[in-house]
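Mind looking over this structure? Questions follow.
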Amino acid sequence: MYLPDTVTGVVAFGVKTGIITSDDSIVEVIKRTITKNPDIIRDNDILCVTESVVAISQRNVVTLDDVSAEIKSRLNLRRNSTVGVIHPILSRNRFSMMLKAIAKAVPEGKVIVQLRFTDDEQGNPVITKKTLKKINKCLADIITLSELGKDRLFHPETGMDYIDYYEAIVKETGSDVEIFLDNSFGHIINKNPDAIIVSNVHGRNEVLEDIRETGYKNVITLQDIYSDPENEVHSEFGLLGSNLLDPVNEQLKLMPRNSDGVCKDIQKMVITEFNKNIEVIINGDGAYKDPESGIFELADPVSCFGCTPGIKNRNRIGVKTKYLMQKLHNEGKSKEEIETIIEEEKKNFLEKQDKQGFSAQGTTPRKIENLVSSLADLISGSGDANTPLIVVRNFV
């Protein structure tokens, strides 16, 4: 059923493209998809492309052996070295294979894993507050596995004991492993490891700075691994956001590279081939927090990896319609007058971007690229709907 724009607000829908492999060009895939049904796009639409299919089409894929070699070289490790791993997230497809790659770099050495508590950076629970009280510990303490004892926490969503899981991954490579819970960094530095890898995502730079302030030097973040633009396979974000692509062949998919450029290429193709003026986004995880589990879904370093210049760094600051309606109603305006005034306010607001004006009361400025990326992920990625393209209409 066709609904005119006069009766709809923001509309977003997924578009199926068929299977996309490393033999495909993402620009050609989108061209082919739109050619089959040109009506799926209109002027001023925002076309969102899931980052994974962009990265796959770029062949931005590495093996665990590749990653191990890179880590070994970058940190000047020996087979019997000790590596500290600070504040990794609890994830099977996000971090477990990276941990295995780290351990494979020191098969005769040791991996010391320091977990943040009570939750990791994303809100995945590590220990309950009830258990903290039981073992007489607080957030400033260090908790060893022997002190934790049988009070191990199973993840509420996956049912996994991630401490046991991470231990098994390291031991499988032949390396020794030690895991403890600690929110500061003095304890692990006092163990004098040969190198440290800061493994959280969003607070990585703060942690890196804190460690360097102690005088410890051989420390990097996950972003420093496979981020060299001189290498054909790389990402500006290094290993951040990478996830398991093929468990049998032990392959990791990196984030796409040069995402802004890819967006411009897609935009140029759509203008040339279909005469439509659109904006383009390459989106990752949605930046939202689940209200029940408390898990922050953004495991990627950013929600938007790239976008076209027309929406880059632009805020969406809405007009608070309910305030205006009541204010104008109290002034004795008719419904027709109120509708006309509100539409005029919206036009003026878009031009002036007056964040302090009455019209904006109760609204919070947000970047368009992040809002739309989160919307696209909710429709496509989080639902695993096999729709790597999302069309967003009437957003700007």
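Taken together, the values in this text are just the output of simple stated rules run on the coordinates, not laboratory data. All values reported here derive from a predicted model rather than from experimental measurement. Cβ sites come from the backbone with ideal geometry, for glycine too, and all protein chains shown count toward neighbours.
How large is Rg over Rh for segment 1-93, taking Rg from the Cα atoms and Rh as the Kirkwood inverse mean of 1/r across Cα pairs? Mind dumping the intermediate values first?
Values: Rg = 21.6 Å, Rh = 18.0 Å.
Looking at segment 1-93, the ratio lands at 1.20.
Dipole of segment 61-253 (Lys/Arg Cβ +1, Asp/Glu Cβ -1, origin at the Cα centre): which of Leu77, Asn93, Gly174 lies farthest to the positive side?
Gly174
Moving to a separate point now. Would you order Ser22, Ser380 from fewest to most other beta-carbon atoms within 10 Å of each residue's own beta-carbon? All intermediate terms of the calculation are to be shown ahead of the outcome.
Values: Ser22 11, Ser380 24.
Final ranking by Cβ density, sparse to dense: Ser22, Ser380.
Next up: In the chain, if every C-alpha pair distance is counted and binned at 20 Å from zero, what percent goes to each bin?
Bin by bin from 0 Å, the calculated values are 24, 48, 25, 3, 0.
Using helices alone, what [θ] at 222 nm do you get for the chain, with -39,500 (n - 2.57) per DSSP H run of 4 or more residues, divided over all residues and rounded to the nearest 500? Mind dumping the intermediate values first?
On the way: 13 runs with 132 residues, N = 396.
It lands at -10000 deg cm²/dmol.
Which aspartates and glutamates have a Cα less than 16 Å from the Cα of Lys333, not counting those fewer than 8 places away in the same chain?
Glu343, Glu344, Glu345
While we're on this one: Viscosity 1.002 mPa s, temperature 20 °C: Stokes-Einstein D of segment 165-300 from its Kirkwood Cα radius, in µm² per second?
On the way: Rh = 18.4 Å.
Rounded to a whole number, D works out at 116 µm²/s.
Here's a follow-up. Could you compute Rg(Cα) / (2.2 N^0.38 Å) for segment 61-253, with N its residue count?
Details: Rg = 16.0 Å, N = 193, 2.2 N^0.38 = 16.3 Å.
Normalised Rg, Cα atoms only: 0.98.
Which ordering of Glu292, Glu236 is given by a fewest-first count of other beta-carbon atoms within 10 Å?
In increasing order of surrounding Cβ atoms, one gets Glu292, Glu236.
Per q in 0.11, 0.16, 0.19 Å⁻¹, report the Debye log10 I(q)/I(0) for segment 232-297, using one uniform scatterer on each alpha carbon and no solvent.
For segment 232-297, the Cα-only Debye profile gives -0.45, -0.79, -0.91.
List the pairs from Lys133/Lys367; Lys129/Lys367; Lys150/Lys253; Lys133/Lys191; Lys104/Lys217; Lys134/Lys171 whose alpha-carbon separation is above 32 Å, in the order I gave them. Intermediate results must be reported in sequence, preceding the final value.
Values: Lys133/Lys367 41 Å; Lys129/Lys367 36 Å; Lys150/Lys253 36 Å; Lys133/Lys191 27 Å; Lys104/Lys217 22 Å; Lys134/Lys171 30 Å.
Lys133/Lys367; Lys129/Lys367; Lys150/Lys253, as the Cα separations exceed 32 Å there.
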